[in-house]
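Quick note: the coordinates plus some simple rules give every number you see, no bench work behind them. Remember, it's a predicted structure, so these values are computed and weren't measured experimentally. Cβ coordinates were reconstructed from backbone atoms using ideal geometry, including for glycine residues, and neighbour counts include every protein chain displayed.
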Amino acid sequence: MPINLRPQSTAHPLELPEEEYERLVQRKDGGWSSCADETEWLAKLHYLRSGFELAKLSSAEFEAREFRLVMNWLRRFTR
């Protein structure tokens, strides 16, 4: 079953096969919060948010990890 990384987008959804999704969220090159491309970044955001919704992360853990993931992504565009 494909996983939609842009569930709120009706015009441009992005679905990945489960195997590809799992491969991306397990990538740790440069640290888990470092992403090679936008698809990996979206997959990791989806993974974090899904984990939070399932109560696998506390609010503080989620916020810290999401912040780190987003900041690492944004730094790519400011160097």
- Task: Can you give me the number of residues within the range 45-72 that are closer than 21 Å to R6 by Cβ, over 13 Å from the mean Cα position of the chain (by Cα), in a helix (DSSP H, G or I) and not charged (D, E, K, R)?
- Result: 0
- Which one of E38, E20, E53 is of a type outside the set (K, R) and surrounded by 13 or more Cβ atoms within 10 Å (Cβ to Cβ)? E20
- Residues located in the range 36-46, provided they are within 10 Å of L24 (Cα to Cα) and either in contact (Cβ under 8 Å) with a residue 12 or more places away in the chain or polar (S, T, N, Q) (or both): T39, E40, W41, L42, A43, K44
